[in-house]
Amino acid sequence: MSTDLTTYDGLLAAINDPAGREITDPATGDVIGRTHEGTVADIDAAVSAAVAAQPAWASRPVAERNDLLNKAADAIEASAEALAQLLSREAGKPLNGPNARFEVGACAAWLRANAAFVLEPEVLVDEDGTHAELVYDPVGVVGAVGPWNWPMMITVWQLAPALKMGNAVVVKPSEYTPLSVQGLIAVINQVLPADVLSVVAGDGAVGAALTDHDDVDKIMFTGSTKTGQAIMRSAADNLARLTLELGGNDAGIVLEDADPKAIATDLFWGAFINTGQTCAAMKRLYVPESLYQEVCDALVEVAAQMPMGVGLDENNVLGPLQNKQQYDIVARLVQAAKDGGATVLVGGDPQEGQSGYFYPTTIVADIDNDNPLVVEEQFGPALPIIKYTDLDQAITWANELEVGLGSSVWGSDLDEAKRVAARLEAGSTWINKHGAIDPRVPFGGVKKSGYGLEFGLEGLKQVSVPHVISW
């Protein structure tokens, strides 16, 4: 009898390995399940099966593949609450707000968006008896390595375009959130042919076995710059194609004509979405002296209205850090701000002996631009607000770090905001919002935030090989 994946108990039963490694809830410390720990041999078997399955998948008309992506979205929607509860328990995300239910909904939306994209042949030349077209063929087998902060959503960002273009995909989830991804893949695989999509959980050695594998033609990775650099080195041996979405330390710049109260809520969520655990969250905010106190006060007022706690409590919109390592990073950087003489406007005082990795929503003012909380990516619920008196100086500060994923400009004069946006070194710059991704709009980083694009037609091209046909 098949397991009912639309219920939490059924979903967990389908992926739980009684002999596997314990996975605990970062909000409570409770054991929620056990994950099978894959091996290098498991990677070899999954890649071998993907190699065998991929030609038949690629030979299907694109309309059939699109139909199956839509059916996969249907399956996710049927299991949405079970997936959201699993994600909430494993990642600590609240069910509500831009968190667990939001993430599951985004998985279905991204699948449907990719199914709807039409990538036509590009006519390069059509004159003087010469015709040349550029088409895009499947790359083969895609190895997808994802993070723990948005484990389901980012996995779908990787697999949806890859499957659409006729590739087979082997997924390796983060060691911190394997159950969420295994549950997601189990739901999707209800409608896909065997071996076109598989998942192997495990440690770093298992991930390296996937990214080093001779039969993996494309690697998609979201995570730290250090790991991305290691993947890039290993990919040289077989010239695997790469899409790397790496670390960020996004800057936001408030202009003189901004309305602090009008932008405060969007500023808050730009920084604190997923409790700050988002690559393209705003990690440092530059505010002109003339508006500095108003912006600080408005953000503190918004922060006071955002309850933090256990994710399964329907009232909460902020949760714990997902793991102890990340908690310690946030605590260290906030302490560095205090040691540097900064003013903690709210937060900064975690309770001793508390259950779970909860770090309070923290807003820090009167901080120097070279303080570690500004220079290093905190990846958690702590926002430094840096005062500036000269816009050129603020732009220089925003650009001087070695990363460049996202950035934002906040002001009432759209033309002026566009001029400032054009001077920022980032893969994406938003105006009067931050981190507002869209499946139709390409997304990627510059400098040490990686390279390659995801989303939209450009994202489809990145999981394909260009092929010029001339006659």
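The values are calculated or read from the model by the stated rules, or taken from the named source; none is laboratory data. If you're wondering where the values come from, they're calculated on a predicted model, not measured in any experiment. No Cβ is skipped: glycine too gets one built from the backbone with ideal geometry, and neighbour counts run over all protein chains shown. These area figures cover heavy atoms from the full protein model, side chains too; ligands, DNA and RNA do not enter into them. Shrake-Rupley method; radii C 1.70, N 1.55, O 1.52, S 1.80 Å.
Observations on the structure shown:
- Helix-only arithmetic for the chain: the sum of -39500 (n - 2.57) across DSSP H runs with n ≥ 4, divided by the residue total, places the mean residue ellipticity at 222 nm at -12500 deg cm²/dmol.
- As a fraction of the 1.4 Å probe accessible area of the chain, surface on carbon and sulfur atoms comes out at 51 percent.
- The angle between the Cα long axis of helix 100-116 and the main principal axis of the chain comes to about 50°, on a 0 to 90 degree scale.
- Segment 406-466 and segment 200-256 have their alpha-carbon centroids 19 Å apart.
- Simple Cβ-charge dipole of segment 333-424, Lys/Arg +1 and Asp/Glu -1, about Cα centre, in debye nearest 20: 240 debye
- Global geometry of segment 32-86, whether rounded, prolate or oblate, following the gyration tensor of its Cα atoms and the 1.5 cut on a/c: oblate
- Using a Förster distance of 30 Å, the FRET efficiency for Arg419-Leu457 (Cβ separation, nearest 0.05): 0.60
- Accessible area in square angstrom per residue, segment 155-195, 1.4 angstrom probe: 18 Å²
- Listed by chain and number, the lysines placed with their C-alpha closer than 19 angstrom to that of Lys172 are Lys218, Lys226; residues fewer than eight positions away on the same chain are left out.
- The dipole here belongs to segment 257-396: it is taken about the Cα centre, uses +1 on the Cβ of Lys and Arg and -1 on the Cβ of Asp and Glu, and is about 420 debye.
- Extension gain, Glu133 to Ser412, is 96.0 nm, computed as 0.36 nm per intervening residue step minus the present C-alpha separation.
- Antiparallel content of DSSP bridges confined to the chain, in %, to 5: 40 percent
- Dipole of the chain [Lys/Arg +1, Asp/Glu -1 at C-beta], most positive-end residue of Thr211, Thr361, Ala298: Thr211
- Leading residue at positive end of dipole, the chain (Cβ point charges), from Val403, Leu87, Gly445: Leu87
- Debye, to nearest 20: dipole size of the chain, +1 on Lys, Arg Cβ, -1 on Asp, Glu Cβ: 540 debye
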